[in-house]
1. Spelling out what I want: for every residue of the range 37-52, take phi, set θ = phi - 60°, compute 6.51 cos²θ - 1.76 cosθ + 1.60 (Karplus), and round to whole Hz; glycine and proline get x.
2. As a quick test, which of the pairs 59/199; 199/224; 180/224; 186/224 have an alpha carbon distance above 21 angstrom in this structure?
3. Counting heavy atoms of the protein chains only and a 1.4 Å probe, report the per residue accessible area for the range 1-121 as a whole number of Å².
4. Assuming 0.36 nm per residue, please report the length gained on full extension of the stretch residue 2 to residue 157 beyond their Cα-Cα distance.
5. Considering every Cα-Cα pair within the chain, what fraction, in whole percent, is farther apart than 21 Å?
6. Taking R0 as 35 Å, what FRET efficiency do you get between residue 211 and residue 19 from their Cβ-Cβ distance, rounded to the nearest 0.05?
7. Give the residue from 184, 215, 91 lying farthest towards the positive end of the charge dipole for the chain; charges sit on Cβ (+1 for Lys and Arg, -1 for Asp and Glu) and the dipole is referred to the Cα centre.
8. Given 0.36 nm per residue, what is the gain on full extension from residue 34 to residue 186 after removing their alpha carbon distance, in nm?
Amino acid sequence: MKPFTFKQFQIQQSKDVFRVGTDGVLLGALADVEHASNVLEVGTGTGLISLMLAQRNTKAHFLGLDINGEASVLTQLNFKNSPFQARLKNAFQDFKTFETEERFDLIVSNPPYFEESGSEKDKVARQTVELNFMQLISKVSQLLSEDGIFSVIIPVEAGGIFISIGTENNLFLNRRVNIKGIENSKTKRLVLEFSSKEKEIKESDFIIEKSPRQYSDQYLELTKEFHVFK
């Protein structure tokens with residue numbers, strides 16, 4: 001499968017691992033990594049999100065976890081081949097049983113979603129089988145530093161329950177970005193950021209395309225340091 005080339009790094013891809021997609025790019029570009037020094041990614045896939053964050057924050061160190069062995073191998077390859085490799089580590093690890101004394105300033109995830117269906121394709125990566133929202137949020141709440149941020153991208157339909165579970169685990173919504181696929185369409189994804197501190201919620205809208213297959217100025221501006229636009 002063809003690699004996906006960004007300005008400062010390249011992503012090797014595999015038919016057995018979720019490929020580079022808009023959700024990952026958006027989280028990699030929008031997550032608040034500015035003040036983080038210690039970052040954890042849950043479910044790395046190809047390693048895209050950590051690589052984007054490592055480009056944005058040149059001091060932070062990163063640990064990526066994935067329960068999929070193929071994804072872990074691919075992440076390791078992409079980390080190793082990047083200019084940020086000295087600050088990037090990954091592990092073949094189930095987040096549910098992950099133990100560490102470390103606390104993280106930023107935890108990011110493009111988590112599994114969709115309830116279980118008959119389809120086997122992408123089952124681990126895209127269905128709430130291996131890691132449901134409750135397990136994810138509960139574990140994150142134990143691993144965040146005092147001022148740490150938890151940043152995710154999820155389908156809009158899951159927003160209410162995700163925010164509610166967060167509150168139950170003393171993680172409060174601080175930021176919400178409503179992602180629309182195209183101008184004048186309904187919100188389809190949410191980038192949500194939580195911390196242990198209750199604050200006024202910063203809410204904004206983000207439009208990916210201004211017309212079919214035409215990226216919006218907003219998207220072009222956000223991704224200009226990453227995408228090689230032809």
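The values are calculated or read from the model by the stated rules, or taken from the named source; none is laboratory data. The shown structure was predicted, so the numbers you read here are calculated from the model rather than taken from an experiment. Methodologically, a virtual Cβ is constructed for each residue, glycine included, from the backbone with ideal geometry; neighbour enumeration extends over all protein chains shown. Areas reflect the complete protein model, heavy atoms only, side chains present, ligands, DNA and RNA absent. Shrake-Rupley method; radii C 1.70, N 1.55, O 1.52, S 1.80 Å.
1. Values per residue, Gly and Pro as x: 10, 9, 10, 10, 10, 9, x, 6, x, 8, x, 3, 5, 4, 5, 5 Hz.
2. Working: 59/199 27 Å; 199/224 30 Å; 180/224 19 Å; 186/224 25 Å.
Check vs 21 Å cut-off fails for 59/199; 199/224; 186/224.
3. Value for the range 1-121: 49 Å² per residue.
4. Values: separation 155, 0.36 × 155 = 55.80 nm, distance 3.25 nm.
Result for the pair: 52.6 nm of gain on full extension.
5. Details: 14257 of 26335 pairs.
Percentage above 21 Å: 54.
6. Efficiency at R0 = 35 Å is approximately 0.90.
7. The residue sitting farthest along the positive end of the dipole is 215.
8. 51.8 nm
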